[in-house]
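Visitor: Just passing along the structure, written as structure tokens.
Read-outs: derived from the displayed coordinates by stated rules, not from any lab. Keep in mind that what you see is a predicted model, and the values were worked out from it rather than measured. Glycine also receives a Cβ, built like all others from the backbone with ideal geometry; neighbour counts cover every protein chain displayed.
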Amino acid sequence: MSQLQTMLKWDLILQSRYKIIHLSILSVLIYFATLVAIPSMNTLQFKTLYLFFDPTLIGIMFVGALVLFEKTENTLQALNVTPLERRTYFFSKIISLTLLATLSAFLFLFLAHGFTFEYFYVVAGVILTSVFLILVGFILVARCNSINEYLLMMMLGFILLFTPPLLDITGIYENIIFYLWPSQASFLLFEGVFTPLSLTDTLYAVVYLVVWIVICYYVAQKAFYKHIVLGGR
């Protein structure tokens with residue numbers, strides 16, 4: 001069994017042990033029940049927002065929780081003296097959590113919207129957004145030693161990353177400058193799940209998120225090595 005397969009198996013065990021898989025499914029069922037109970041929320045705008053926030057929570061919140069759990073149990077210290085490469089550790093977290101986000105997104109869409117949606121935009125939106133946000137989570141958690149610290153960092157990151165595009169998608173305030181935010185690209189892809197999206201917007205969203213993923217991967221690797229492997233602050 002390869003190192004990546006071993007790590008994936010370990011991460012799935014952790015996600016089950018800490019009820020991350022259960023929480024993801026529960027969040028889908030709660031939101032679906034909310035749509036049924038409050039028909040005014042059953043709109044394309046709310047569905048678009050949910051598709052964004054689902055991989056957001058899975059990506060940022062759960063990767064931080066997993067890393068902190070592993071630090072507490074001294075798992076990361078053990079990994080540091082094994083031949084396991086950091087990129088394998090990263091890829092395992094990215095693949096397992098992105099798979100969970102994708103399954104949650106499709107479960108929600110099948111329940112709330114049937115089968116009439118653009119599958120390409122679901123896959124592209126969830127995968128690219130999830131990978132980007134998991135890497136952001138790695139960057140944020142690198143300096144944290146507790147859940148409280150991480151929640152504060154996550155809240156600040158949320159405000160900086162998501163508030164401007166939220167103003168745009170809700171129509172409160174629209175400005176072309178919001179296209180500088182990578183989360184704007186995510187919102188566009190999720191809008192394409194329900195409404196036609198131009199080729200220009202599609203290319204912008206995909207390419208821009210890929211660029212940010214490459215940047216965040218480099219920064220996350222450096223932060224993880226400095227603050228977790230070496231124990232710097």
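Visitor: Once a ≥ b ≥ c are taken as the square roots of the eigenvalues of the Cα gyration tensor of the stretch 81-162, is the result rounded (a/c under 1.5), prolate (a/b larger than b/c) or oblate (a/b not larger than b/c)?
Guide: oblate
Visitor: For the residues K47, K93, K222, what sequence is obtained by ranking on other C-beta atoms within 10 Å, fewest first?
Guide: If I rank by nearby Cβ atoms, fewest first, I get K222, K47, K93.
Visitor: Counting pairs of alpha carbon atoms under 8 Å apart in space and at least six apart in sequence, what relative contact order in percent does the chain give?
Guide: Once normalised by length, the contact order is 26 percent.
Visitor: While we're here: Return one quarter of the surface area of the convex hull spanned by the alpha-carbon atoms of the chain, equal to its mean projected area, in nm².
Guide: 13.2
Visitor: To the nearest 500 deg cm²/dmol, what mean residue ellipticity at 222 nm is calculated for the chain from DSSP H runs of n ≥ 4 alone, each contributing -39,500 (n - 2.57), summed and divided by the residues?
Guide: Calculated at 222 nm, the ellipticity per residue is -25000 deg cm²/dmol.
Visitor: Using a cut-off of 15 Å between beta-carbons, work out the net charge of the residues near Y18 (Lys and Arg +1, Asp and Glu -1, Y18 not included).
Guide: In short, +1.
Visitor: Just to confirm the filter: which chymotrypsin sites (Phe, Trp or Tyr not before Pro) across the stretch 1-76 are DSSP coil and have at most 14 other Cβ within 10 angstrom of their Cβ?
Guide: Sites meeting the loop and neighbour criteria: Y18.
Visitor: Just want the ordering: L135, L35, from fewest to most Cβ atoms lying within 10 Å of their own Cβ.
Guide: The most exposed by this proxy come first: L35, L135.
Visitor: What full-extension length gain, to one decimal in nm, is calculated for T43 and F91 as 0.36 nm per residue of separation minus the Cα-Cα distance?
Guide: Full-extension gain reported as 13.8 nm.
Visitor: Measure off 7 Å from each Cα along the Cα-to-Cβ vector at R17 and L180, then give the distance between these two points in nanometres to one decimal.
Guide: Here the modelled spin labels are 4.4 nm apart.
Visitor: Counting other C-beta atoms within 10 Å, which of H22, H227 has the fewest, and how do the rest follow?
Guide: Result, fewest neighbours first: H22, H227.
Visitor: Also, I was wondering about something else. In straight Cα distance, which lysines are under 24 Å from K222, not counting same-chain residues fewer than 8 positions off?
Guide: K71, K93
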